[in-house]
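K.L.:
Mind having a look at this structure? Questions to follow.
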Amino acid sequence: MTQTLNYQAIFEAVPNLHLILAPDQDFTILAASDAQLRATHTRREESVGRPVFDVFRKNPDDPTEFGTGVLRDSLERVLRSRAPDRMAITRYDIPRPAALGGGFELRYWRPLNVPVLDQRGEVLYIIHQVEDVTEEVQREHSDSLSHFEERFRAALLASGIGTFTWFLSDGSVSLDSSLEQIFHLPLGQQVTSVDGFVQQVHPDDRAHVRLAFDHYAKGDDFTAEFRLVNAGAECWLACKAKAFRDANGTLAYVAGACTDISARRYAEDALRVSENSLRQLNETLEARVATEVTERSRAEEALRQAQKMEAVGQLTGGIAHDFNNLLTGIIGSLDLMQRRHQRNEPLELERYIGAAVTSAQRAAALTQRLLAFSRQQALDLRAVDVNQLVASLEDLLHRTTGENITIETRLSGGLLPACMDVNQLETALINLVINARDAMPYGGRITLSTASFTMGKSPDSNKSGMAAGEYVLLSVVDTGTGMAPNVMARAFEPFFTTKPIGQGTGLGLSMVYGYIKQSKGYIQFESEPDIGTRVHLYLPVHQGEVTALAHEPERTPTGAGETILVVEDEPVVRALVVEVLNELGYETLEAGEASEALCITESGQRIDLLISDVGLPGMNGRQLADIARQQRPGLKVLFATGYAESFAANDFLGPDMAVITKPFAIDVFATKVGEILGNG
């Protein structure tokens, strides 16, 4: 029997808290789930057809509550980017029915805004999904709050950054302690207005700073550089801010960050003085010219260093801006504690302390995500025929080096396969050949050679730290300019380069070094001025069959009805993976955590493949896989993760286990699943 689905009835009955909003300037409510209506004390006939901020308006009794403004900012980002936007835990008070006493209820939410696009990629609707986390927030403890605040304040001070907030409703300005220290404010003195802020600025720069605040008040982006008047030695700051709107779309407050750029300005001034002096020198006075050239070189080095530090400062300033939204929860909760304390209501302190701690912990999580940027990447280590890889790259390398450079290959026969990531090894080899090419501007010869090498158990002073075992030796030798000992000592240092500004980042050799070390290999570097450079890569041997070089599949593998269990604690990701697998012809089971998954593996249900996130709450993905294999020996496992540090080597993976790193393309994911199940 064919039955027409009533999608509206299904949507209204789901247990999750959802609204469907129109992509207009008022974000009109088009539909609401029953759970959403119950949680917010609203009725469908009073909500559907009205602007969302008319139904869920700002709490007029609490000026520190910015939830409506933060929500509007997120919805506008969705319209601009056409991509989902996950918000941090946000305080958004809910009107209380008159029968329950009226007023507003304190609530904390975890919102997610997802666009629904038409065939042209335009936004049709926005699905506003929330989770009420008020009880979770109020259960948190405050043990680490002061420690976190001190670490955050120390980080800002170390990077020469301070932040401020300008409330447009009353014109008041609030500076954090870092900016107060940068301003060298006397003990007890505070800056509470724009005029007070401008008074800290050098008189010659005040008009420019007032112009910046005029731009911020209009919602415009603007960067102002200015000097301080009370900082002793001349101190330069760069200020950048962003304006935020309230629920009505009215500009409500401006959050900004000021970065100390004195080092850069000093270096620029020194460089200008050096250039002017150099132009005035008598060309016949070689000694004076040599002296000025030396000073100019020092000034340029100082400028490069200052620019690097300023880039770090700008990055930290961006992080500080992101922290402002999270700090709103801390500041608001502390203000409420102060108000309750003044009214002699100490019993209210605990939940507001918990709210502040939750916001602080979210900010700490943001810091951890930033640190993850610098961690090791996941490697797809497998058996690789190094001779075949070098041969496959010969045409590309010839085109890269040009006609005046000869590339010679000396490949030894009978090599065992190396245990490496094919793509990363290709990138490392290309990087080394490009470096060799740049060292031979007038032409020369590059020799690529392979050989077997065995490292004995006795220590070798020339290969300190190299583990005993069998290796494949891949060498890149050039006849270029070579390097002096002091330059060679810094060759693997990140951001170090001898190339002119704009012609090199200084990351090539450091990335090759990090990749080889991560693969448990060894790298040896030799260079002599005017003779050339020799780079030797010792690649660990893989005992097993050689894997052919990767190539793009002619079609995306599809399933034959196999059953796959998907374990993922993020609902949006889990739903996406399940939908992709269903579309590829697989049957799917799903679980949000390990305990739920184990209930399925203990049943008699058919399971051909387990796909699991590693970072599950409670039991992690590898522990889940081990238990599942005890119940179902030989079960195939695919880990999907955005955290790669556990996969630096194959030690983490057992037989019939593989890993794919988030985010991944659907075709890549489908190919990986097909390979594991034998459908590739």
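K.L.:
For the range 88-108, enumerate the residues that are within 12 Å of His41 (Cβ to Cβ), out of contact with any His (no Cβ under 9 Å at 6 or more places or on another chain) and assigned to a loop (DSSP other than H, G, I, E, B).
P.N.:
Asp93, Gly101, Gly102, Gly103, Arg107
K.L.:
Tell me, which residue of the range 251-274 that is within 31 Å of the chain's Cα centre (by Cα) and among the polar types (S, T, N, Q) is nearest to Trp166 (Cα to Cα)?
P.N.:
Result: Thr259.
K.L.:
Hey, another quick one. Report whether or not Ser449 is outside any loop (DSSP other than H, G, I, E, B), among the small types (Gly, Ala, Ser), at pLDDT 80 or above and closer than 20 Å to Ile516 by Cα.
P.N.:
yes
K.L.:
Looking for something over 29 Å from the mean Cα position of the chain (by Cα) and either under 24 Å from Arg96 (Cβ atoms) or of a type in the set (A, V, I, L, M) (or both) - is there at least one such residue anywhere in the range 63-74?
P.N.:
Yes: one or more hits.
K.L.:
Kindly indicate the residue of the range 403-428 that is under 22 Å from Ile531 (Cβ atoms) and hydrophobic (A, V, I, L, M, F, W, C) and also surrounded by the fewest Cβ atoms within 10 Å (Cβ to Cβ) among those meeting that condition.
P.N.:
Checked the range 403-428; the qualifying residue surrounded by the fewest Cβ atoms within 10 Å (Cβ to Cβ) is Ile407.
K.L.:
State which residue pairs qualify: first residue closer than 19 Å to Asn248 by Cβ and polar (S, T, N, Q) and inside the range 63-92, second residue in a helix (DSSP H, G or I) and at pLDDT below 80 in any location, beta carbons under 6 Å apart, and separation of 6 or more residues or different chains.
P.N.:
Close Cβ pairs satisfying both conditions: Thr64/Gly332; Thr64/Asp335; Thr90/Gly67; Thr90/Val70.
K.L.:
Is it true that some residue in the range 81-88 is at pLDDT 90 or above and hydrophobic (A, V, I, L, M, F, W, C)?
P.N.:
no
K.L.:
Something else about it: Quickly run through the range 390-411 and pick out the residues that are touching a helix residue (DSSP H, G or I) at 6+ places or on another chain (Cβ under 8 Å) and in a loop (DSSP other than H, G, I, E, B).
P.N.:
Gly402, Leu411
K.L.:
Taking Leu396 as meeting all but one of (1) surrounded by fewer than 20 Cβ atoms within 10 Å (Cβ to Cβ); (2) modelled with pLDDT of 85 or more, write down the number of the exception.
P.N.:
Single failed check for Leu396: (2).
K.L.:
In addition: Please verify whether Tyr538 is closer than 17 Å to Leu425 by Cβ, modelled with pLDDT of 85 or more and either buried (at least 20 other Cβ atoms within 10 Å of the Cβ) or more than 35 Å from the chain's Cα centre (by Cα) (or both), treating the condition exactly as stated.
P.N.:
Considered against the rule, which asks whether it is closer than 17 Å to Leu425 by Cβ, modelled with pLDDT of 85 or more and either buried (at least 20 other Cβ atoms within 10 Å of the Cβ) or more than 35 Å from the chain's Cα centre (by Cα) (or both), Tyr538 comes out as yes.
K.L.:
Based on what the data block shows, is Val137 of a type in the set (A, V, I, L, M), modelled with pLDDT under 85, touching a helix residue (DSSP H, G or I) at 6+ places or on another chain (Cβ under 6 Å) and within 28 Å of Pro60 (Cβ to Cβ)?
P.N.:
Answer is yes for this residue.
K.L.:
Would you say Glu275 is outside any loop (DSSP other than H, G, I, E, B), surrounded by fewer than 17 Cβ atoms within 10 Å (Cβ to Cβ) and modelled with pLDDT of 75 or more?
P.N.:
no
K.L.:
Can you tell me which residue in the range 71-91 is farthest from Pro23 (Cα to Cα), limited to those that are charged (D, E, K, R) and crowded, with 17+ Cβ neighbours inside 10 Å?
P.N.:
Ranking the qualifying residues of the range 71-91, first place goes to Arg91.
K.L.:
What about Phe213, is it modelled with pLDDT of 90 or more and touching an Asp or Glu at 6+ places or on another chain (Cβ under 6 Å)?
P.N.:
no
K.L.:
Ok, one more. Inspect all residues belonging to the range 92-110 and state whether any of them is surrounded by fewer than 18 Cβ atoms within 10 Å (Cβ to Cβ), acidic (Asp, Glu) and over 14 Å from Asp246 (Cβ atoms).
P.N.:
Yes: the range 92-110 contains one or more residues that are surrounded by fewer than 18 Cβ atoms within 10 Å (Cβ to Cβ), acidic (Asp, Glu) and over 14 Å from Asp246 (Cβ atoms).
K.L.:
Could you tell me which of the residues Gly592, Gly604, Gly618, Gly585 is farther than 20 Å from Val659 by Cα and under 29 Å from the mean Cα position of the chain (by Cα)?
P.N.:
Of the residues listed, the single one that is farther than 20 Å from Val659 by Cα and under 29 Å from the mean Cα position of the chain (by Cα) is Gly618.
K.L.:
Can Glu545 be described as outside the structural domain of Ala468 (by TED's automatic domain parsing) and at pLDDT below 85?
P.N.:
Taking the combined requirement at face value, the residue satisfies it.
Each row is one residue, and each column tells you yes or no for (1) loosely packed, with under 14 Cβ neighbours inside 10 Å; (2) touching a residue at least 12 places away in the same chain (Cβ under 8 Å); (3) in contact with a helix residue (DSSP H, G or I) (Cβ under 9 Å, 6 or more places away or on another chain); (4) among the polar types (S, T, N, Q).
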site: Tyr7; (1), (2), (3), (4): yes, no, no, no
site: Asp26; (1), (2), (3), (4): no, yes, yes, no
site: Ile29; (1), (2), (3), (4): no, yes, yes, no
site: Thr40; (1), (2), (3), (4): no, yes, yes, yes
site: Glu45; (1), (2), (3), (4): yes, no, no, no
site: Pro51; (1), (2), (3), (4): no, yes, no, no
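K.L.:
Of the residues that make up the range 628-649, is at least one modelled with pLDDT of 85 or more, under 26 Å from Cys419 (Cβ atoms) and either among the charged types (D, E, K, R) or assigned by TED's automatic domain parsing to the domain that holds Cys419 (or both)?
P.N.:
Within the range 628-649, one or more residues are modelled with pLDDT of 85 or more, under 26 Å from Cys419 (Cβ atoms) and either among the charged types (D, E, K, R) or assigned by TED's automatic domain parsing to the domain that holds Cys419 (or both).
K.L.:
Which condition number in (1) at pLDDT 75 or above; (2) not in a loop (DSSP other than H, G, I, E, B) is the one that Gly414 fails?
P.N.:
(2)
K.L.:
Of the residues that make up the range 581-596, is at least one within 17 Å of Gly674 (Cα to Cα), hydrophobic (A, V, I, L, M, F, W, C) and part of a strand (DSSP E or B)?
P.N.:
The answer is no, given that none of the residues of the range 581-596 is within 17 Å of Gly674 (Cα to Cα), hydrophobic (A, V, I, L, M, F, W, C) and part of a strand (DSSP E or B).
K.L.:
Being among the small types (Gly, Ala, Ser), more than 17 Å from Phe226 (Cα to Cα) and not in a loop (DSSP other than H, G, I, E, B) is the filter; apply it to the range 170-201 and report the residue that is modelled with the lowest pLDDT.
P.N.:
So the residue we want is Ser177.
K.L.:
Just checking, how many residues over the range 667-680 are surrounded by fewer than 16 Cβ atoms within 10 Å (Cβ to Cβ) and either modelled with pLDDT of 85 or more or more than 20 Å from Thr563 (Cβ to Cβ) (or both)?
P.N.:
Qualifying residue count for the region: 3.
The values are calculated or read from the model by the stated rules, or taken from the named source; none is laboratory data. Values in this document were obtained by computation on a predicted structure and should not be read as measured data. All Cβ positions, even for glycine, are placed from backbone atoms using ideal geometry, and neighbour counts span all protein chains on display.
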